[in-house]
Amino acid sequence: MMKAAFLYNKMDLRVEEVPVPAIGDNEILLKVRSASVCGTDVRMHTHGYRDVDEAHPLVLGHEVSGVIYAVGSHVGDAYREGMRVAVAPNMGCGHCDLCVSGNTHLCKNYRAFGINMPGAFAEYLAIPESAIRQGNVVPIPDHLSFEEAALAEPLACIYNAFQRLAITLGDDVLVIGAGPIGLMHAMMAKKAGAAKVIISDLNPSRLAFVDSNYEGFITVPLDELDARVKQLTDGRGVDVCITANPSPQSQIKSLELTAVNGRINFFGGIPKGADLSGFDSNLIHYRQLVVSGTTRQSVSQFRKVIKLIADGVLPVDKLITHRYALDDIQSAIDHIKAGQGIKHAINFS
């Protein structure tokens, strides 16, 4: 038997004992060691999720690392028991044009752990053949902690946006949102050679965390953002703006604060029906702005950031401010909703 955290409906998350998943000849059984909580998990908990109900509960969690506990007889010799791995969560059908191009995360019929199949907030996780064949199971070096490896999933999403934005030497970059996603964007922009990296947020404790733990970033309270961007860029605006939050107001503000020929990434999705009445598309037209959106990550991007973390290029360990046992997962979600801390990890022995 094992413990797992099931979502039954909105605001209804239960840790229960269930049988350890049985695996087939072409599958792997992972002993989970760390699974971090994502904003998506929190939204699913708050609002519920399609096809999840009392009769069809879902184990949440898609940011995961662990140790291979068992390997099916037909998997081959690429994987073995005891191997330390991180697992990319998204699987495509494997034969559509998007999958063939390597964009399996954008497949119309994609599946993902903790989204539409059992996830990582469990002591054991069955890895299907499709994930193994697609390359989602990635070995990690001994010096890389399981907590850090689990952060490869959100960091790979950031890397997806980073490649679209093409941040280069001397760019002035604004990140609206100082949560874990915003800080990862900021770290990657700084490593790419951005001249100024400005981080703004409503939550003063998050800005204080940035000031205390990271050098080279300019923190600005949200209500001072217009004046400070004007001052810091001599009235020109930033070259790159990233909205690392689910706020329509941030999207509107990004158009106003980005310079001519600037690039914008709407990283945080906004609720359906959100008020965008102040959205001035003429700013895109007359400033020649390039506005993009990105979602999820490819397996290639996932593997790339594993190397970036393991090689110390992007130190993500400071982001983990809270740690919990699985039995305390509700506390993790409550703390995130209250804006406490940065990244929250569920750890297993």
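The values are calculated or read from the model by the stated rules, or taken from the named source; none is laboratory data. Just so you know, these numbers come straight off a predicted model, no measurement behind them. Glycine also receives a Cβ, built like all others from the backbone with ideal geometry; neighbour counts cover every protein chain displayed. Protein only, heavy atoms only, side chains kept; ligands, DNA and RNA dropped before computing areas. Shrake-Rupley method; radii C 1.70, N 1.55, O 1.52, S 1.80 Å.
Things worth noting here:
- Accessible carbon and sulfur surface of segment 28-72 relative to its total accessible area, %, 1.4 Å: 51
- The computed Cα extents along the principal axes in Å for the structure shown corresponds, within [x] 57, 46, 44; [y] 90, 38, 32; [z] 63, 38, 37, to [z].
- Segment 191-245: C-alpha gyration tensor shape, a/c 1.5 cut-off, then a/b vs b/c: oblate
- When the listed pairs Lys31/Lys191; Lys190/Lys337; Lys10/Lys307; Lys31/Lys272; Lys108/Lys190; Lys191/Lys272 are checked against a 31 Å cut-off, the alpha-carbon distance exceeds it for Lys31/Lys191; Lys10/Lys307; Lys31/Lys272; Lys108/Lys190; Lys191/Lys272.
- Relative contact order computed over the chain (Cα-Cα under 8 Å; 6+ residues apart), in percent: 18
- At R0 = 56 Å, FRET efficiency that the Cβ-Cβ distance of Ala70 and Gln163 yields, to 0.05: 0.95
- Farthest toward positive dipole pole in segment 122-204 [+1 Lys/Arg, -1 Asp/Glu at C-beta], among Ala131, Ala194, Ala161: Ala194
- Label point distance in nm, Asn109-His285, each placed 7 Å from Cα along Cα→Cβ: 4.2
- Backbone phi angles across segment 308-322, fed through the Karplus curve with coefficients 6.51, -1.76 and 1.60 (θ = phi - 60°), yield HN-Hα couplings of 4, 6, 4, 7, x, 5, 10, x, 9, 4, 5, 5, 7, 9, 9 Hz in residue order; Gly and Pro are listed as x.
- Segment Asp53-Ala78, length gained on full extension (0.36 nm per residue, minus Cα span): 5.2 nm
- At an R0 of 30 angstrom, the distance between the Cβ atoms of Arg236 and Leu98 translates into a FRET efficiency of 0.20.
- Gyration tensor (alpha-carbon) shape descriptor, segment 73-174, a/c threshold 1.5: oblate
- Multiplying the residue separation of Ala338 and Asp25 by 0.36 nm and removing their Cα-Cα distance gives an extension gain of 108.3 nm.
- For segment 218-267: rounded, prolate or oblate by the Cα gyration tensor [a/c cutoff 1.5]: oblate
- Entry comment: accessible area of the chain is 44 Å² per residue, from protein heavy atoms only and a probe of 1.4 Å.
- Amide H contacts under 5 Å for Ala194, placed H, 5+ residues apart: Gly170
- Of Gly341, Leu151, Thr295, farthest towards positive along the dipole that unit charges on Lys, Arg, Asp, Glu beta carbons give the chain: Thr295
- Lys/Arg +1, Asp/Glu -1 at C-beta; the chain dipole; positive extreme among Ile329, Ile270, His185: His185
- Where N is the number of residues in segment 251-330, Cα Rg divided by 2.2 N^0.38 Å: 1.58
- Entry note, the chain: the mean residue ellipticity at 222 nm calculated from DSSP H runs of n ≥ 4, each adding -39500 (n - 2.57), is -8500 deg cm²/dmol after division by the residues and rounding to the nearest 500.
- Cβ-placed point charges (K, R +1; D, E -1), dipole of segment 35-152 about Cα centre in debye, nearest 20: 300
- Peptides 314-323, 183-192 ordered by average Cβ neighbours within 10 Å, highest first: 183-192, 314-323
- Beta bridge orientation in the chain: antiparallel %, DSSP, nearest 5: 55
- Electrostatic dipole magnitude of segment 234-349 [Cβ: Lys, Arg +1; Asp, Glu -1; Cα centre; debye, to 20]: 360
- 5 angstrom amide H check on Arg33, placed H, neighbours 5+ away: Ser65, Gly66, Val67
- Lys, Arg +1 and Asp, Glu -1 on Cβ, resulting dipole of the chain about Cα centre, debye, nearest 20: 680
- Peptide packing: for 230-236, 295-301, 330-336, 144-150, the average count of neighbouring Cβ atoms within 10 Å per residue gives the ranking 144-150, 295-301, 330-336, 230-236, highest mean first.
- Eigenvalues of the alpha-carbon gyration tensor of segment 172-316, scaled by 5 and square-rooted, set the equivalent ellipsoid semi-axes at 24, 18, 15 angstrom, largest first.
- Sorted on the mean count of surrounding Cβ atoms within 10 Å across their residues, most packed first, peptides 282-294, 40-52, 162-174 read 162-174, 40-52, 282-294.
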